[in-house]
Amino acid sequence: MSSQTAARRYASALADVIIEGGEESAVRGELHEWEGMISANDALLEAFSNPTVAYEQKQSVLEELISRTKIRPTTANFLRLLLKNQRLAELPQMNTKLDEILDERKGIVSAEVISARPVPEATKTSLGQKLTQLTGKKAHLSFNTDESLLGGIVTRIGSTIYDGSIRNQLDRLRNELGR
């Protein structure tokens, strides 16, 4: 099973549990803290991802960290499950999918907007409203700049890309005139 498929399955099951228990934000936050803690510590990342390290040693380290961080039982059980199934090193992918699934269930869609220059606040608001109308869901936007763009914007919602960059428009015009 690919890590993306596994991430979706684990995240979907966890989403069911934490929504039912009303723990979405708390568990989500704890898992992101754990992701940061593991990725910031090379020895910890190596220990959890290296198949030559004995399961008992990994379990001992995990239990010690769980007791020190005093996380919710739901979070602790999820981390134990990932360790048991040798997927703890895939926590970043699990968190990304969990965020997507929880947002999707709340009717929120995440969109990344890339522009050549910073986008003015009025344009951000307008773009958010247009994307909300387009998707039928509340749009949560993140903005980035890419100076290699000549102008315009590129918007990514999931796997769909809306390319309104000047470069794309010039390429289409070139193709139409070249026919």
Search segment 28-55 for residues that are under 15 Å from Pro92 (Cα atoms) and open to solvent by less than 70 Å² (accessible area, probe 1.4 Å) and pair each with any residue that is in a loop (DSSP other than H, G, I, E, B) and modelled with pLDDT under 90 when their beta-carbon atoms are under 9 Å apart and the residues are at least 6 apart or on different chains. none
Would you pick out the residues in segment 126-147 that are exposed (fewer than 12 other Cβ atoms within 10 Å of the Cβ) and free of Cβ contacts under 8 Å to residues at least 24 places away in the same chain? Gln129, Gln133, Gly136
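State yes or no: is Lys70 on the phi > 0 side of the Ramachandran plot and over 21 Å from the mean Cα position of the chain (by Cα)? Steps first, answer last, please.
Working: on the phi > 0 side of the Ramachandran plot: yes; over 21 Å from the mean Cα position of the chain (by Cα): yes.
Criteria met by Lys70.
Hey, among Thr52, Thr74, which residue is in a helix (DSSP H, G or I) and either under 27 Å from Ile101 (Cβ atoms) or of a type in the set (S, T, N, Q) (or both)?
Numbers: Thr52 fails: in a helix (DSSP H, G or I).
Of the residues listed, the single one that is in a helix (DSSP H, G or I) and either under 27 Å from Ile101 (Cβ atoms) or of a type in the set (S, T, N, Q) (or both) is Thr74.
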Identify, please: which residue in segment 56-71 is of a type in the set (A, V, I, L, M) and assigned to a helix (DSSP H, G or I) and is, among those, most open to solvent (accessible area, probe 1.4 Å)? Val61
With the checklist (1) open to solvent by 40 Å² or more (accessible area, probe 1.4 Å); (2) part of a helix (DSSP H, G or I) in hand, flag the one item Asn95 doesn't pass. (1)
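The values are calculated or read from the model by the stated rules, or taken from the named source; none is laboratory data. Computed from a predicted structure; not experimentally measured. Methodologically, a virtual Cβ is constructed for each residue, glycine included, from the backbone with ideal geometry; neighbour enumeration extends over all protein chains shown. Protein only, heavy atoms only, side chains kept; ligands, DNA and RNA dropped before computing areas. Shrake-Rupley method; radii C 1.70, N 1.55, O 1.52, S 1.80 Å.
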